[in-house]
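Student: I have a structure here, written as structure tokens, and I will follow up with some questions on it.
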Amino acid sequence: MLDYVGLEDDLDEEARLICDTARRFVDEQVRPEIGDHFQEGTFPTDLIPEMGELGFYGSNLDGYGLPNVSETAYGLLMQELEAGDSGIRSMASVQGALVMYPIHAYGSDEQKERWLPTLGTGEAVGCFGLTEPEHGSDPSAMETRADRESGTDSDRSGTAAERDGDGYVLNGSKTWITNAPIADVAVVWARDASAEGTPVRGFLVETDRDGVTTNEIDDKLSLRASITGEISLRNVYVPEENVLPGVSGMKGPLSCLTQARYGIAWGAVGAARDCFEQAREYALDRDQFGGPIAGFQLQQEKLAEMATQITTSQLLAHRLAELKERGELTPQHVSMAKRNNVRMARDQSRIAREMLGGNGITTDYSPMRHMANFETVYTYEGTHDIHTLVLGEDLTGIAAFE
């Protein structure tokens, strides 16, 4: 894989081991069949437990049998998984950064003990419910609500055993939720209608509860090797012990997104490196006009620019890891990296596909699959434009979106 300024030469033993393990996993388990999964619109669910055995879920978290690796090692893991496919990285990223992280950071001891070990091994699958049909870039306008209910009330759904004690009744819907159709638990963010100011709270909702449905979203043209769905909540009773006690307000979901976006910034580099390698190899092997097309000035210009853009994004990702390790990383830093690196990968995957000519539109080669996937990654977890405005506010002190 392209590493033009030798950043991987400085990796410590842990980071090197994780990078090599993930790269080998992708080469052996992902690449051979991911094109078929993309065509068929399926996710290789048989890989879920194997990824758990390898420690790919929540690997930068500590305790509960979790690896607690460095932020650089975690970033490299995301990089290597997305070199295989964005759907593979998304599954691990959602499981770790959007489900395990909030439980680890804001959950009770009982919640951590119940969920973190099984989520870490892949025995259980989680999803993150924030986006709603009418509320994407402005999640604070969410309409999903939670009404406090006494265990003695009898006009709501839920069995008597479920409603033994005080809790909440949730109503609303979430959409574009990775893993939802296969999830055992959903971290659902809803407004606590029973509290002053209706603050946003996090609820751990088992998907087999009465009133929960998780329909799959079909006919996607992007991120096809990923399971995406909706969460419908209709009078869903959730006991008090399922509420995340350690956070209230938008800090909860936004802090989770910061963790996930950090992984995306690394993942984009991995996909772009994969595109570069496919384009370089093809250019060296493809003979036209008496020699390999890699000898043509136009093709060399494309490779030089791809390598430069990838290396610049790679440097930014490594710098983010240093800041994160020191506790100096800000959401605005992550916005810059997510915005830049995803745009870079989106653009360079197109150039790589261009270099492959007509052959590049088949699933035999990865760039067009990556290119299609990045139409989703460009949009989710903060659109490119929203991250532009986040940076604009940080640089000027003026919030353009208010």
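The values are calculated or read from the model by the stated rules, or taken from the named source; none is laboratory data. For clarity, every value in this text was computed on a predicted model and none was experimentally measured. Cβ placement follows ideal geometry from the backbone for every residue including glycine, while neighbour counts extend to all protein chains displayed. Areas reflect the complete protein model, heavy atoms only, side chains present, ligands, DNA and RNA absent. Shrake-Rupley method; radii C 1.70, N 1.55, O 1.52, S 1.80 Å.
Student: Quick check: the distance between the Cα centres of region 7-58 and region 69-109, to the nearest angstrom?
Tutor: Using only Cα atoms, the two centres lie 12 Å from each other.
Student: Please identify every one of the chymotrypsin sites (Phe, Trp or Tyr not before Pro) in region 248-289 that sits in a loop by DSSP and has no more than 10 other beta carbons within 10 Å of its own beta carbon.
Tutor: F289
Student: Of T363, M51, S93, which is farthest towards the positive pole of the chain's charge dipole, taken about the Cα centre with +1 and -1 on the beta-carbons of Lys, Arg and Asp, Glu respectively?
Tutor: Of the listed residues, the answer is T363.
Student: A further question follows. Using only Cα atoms and rounding to the nearest 10 degrees, what angle (0 to 90) does helix 367-377 make with the longest principal axis of the chain?
Tutor: 30 degrees
Student: Here's another thing I want to ask about it. Please report the net charge: other residues with Cβ closer than 11 Å to the Cβ of I310, K and R +1, D and E -1.
Tutor: -4
Student: Another question, if that's okay. Using a cut-off of 14 Å between beta-carbons, work out the net charge of the residues near E80 (Lys and Arg +1, Asp and Glu -1, E80 not included).
Tutor: With Lys, Arg at +1 and Asp, Glu at -1, the net is -3.
Student: Continuing with the same structure: Which of the GluC sites (Glu not before Pro) found in region 324-357 are in a DSSP loop and have at most 14 neighbouring Cβ atoms, other than their own, within 10 Å?
Tutor: Of the GluC sites (Glu not before Pro), the ones in loops of region 324-357 whose Cβ has at most 14 other Cβ atoms within 10 Å are E328.
Student: Right, another one. For the chain, what is the accessible area per residue in Å², given a 1.4 Å probe and the full set of protein chains?
Tutor: Ligands and nucleic acids excluded, the figure is 43 Å² per residue.
Student: Ok, one more. When the accessible area of region 238-369 is computed with all protein chains present and a 1.4 Å probe, what percentage of it is carbon and sulfur?
Tutor: For region 238-369, the apolar C and S fraction of the accessible surface comes to 50 percent.
Student: Ok, one more. With only alpha-carbon pairs counted, each pair once and no self-pairs, how large is the Kirkwood hydrodynamic radius of the chain in angstroms?
Tutor: That comes to 21.9 Å for the chain.
Student: Ok, one more. Sticking to Cα atoms, compute the Rg of region 257-402 to one decimal and its Dmax as the biggest Cα-Cα distance, whole number, in Å.
Tutor: Here Rg and the maximum Cα pair distance are 17.2, 60 Å.
Student: Anyone know which of S140, S349, S366 comes out most mobile in the 10 Å Cα GNM of the chain?
Tutor: The residue that fluctuates most here is S140.
Student: Can you give me the relative contact order of the chain as a percent, contacts being Cα pairs under 8 Å and 6 or more apart?
Tutor: 18 percent
Student: Right, something else. What is the local net charge at T144, summed over the other residues whose Cβ is closer than 13 Å to its Cβ (Lys, Arg +1; Asp, Glu -1)?
Tutor: That sum, taken over residues with Cβ under 13 Å, equals -1.
Student: Could you point to the residue in N60, V5, P32 farthest towards the positive end of region 1-76's charge dipole, with +1 and -1 charges on the Cβ of Lys/Arg and Asp/Glu respectively?
Tutor: Value computed over the given set: P32.
Student: Let me ask something additional. So which GluC sites (Glu not before Pro) in region 179-225 end up in coil per DSSP with only 15 or fewer other C-beta atoms within 10 Å?
Tutor: Answer by residue number: E196.
Student: Please compute the length gained on full extension between R350 and E134, using 0.36 nm multiplied by the number of residues separating them and subtracting their Cα-Cα distance.
Tutor: Roughly 74.6 nm would be gained on extension.
Student: Expressed as a whole number of Å, what is the distance separating the alpha-carbon centroids of region 310-342 and region 203-225?
Tutor: Region 203-225 and region 310-342 have Cα centres separated by 31 Å.
Student: OK, next. According to the Kirkwood expression over distinct Cα-Cα pairs, how big is the hydrodynamic radius of region 21-64, in Å?
Tutor: 11.7 Å
Student: Excluding residues on the same chain fewer than 8 positions from K324, give the lysines whose Cα lies under 25 Å from its Cα.
Tutor: Excluding near neighbours in sequence, the set is K112, K251, K338.
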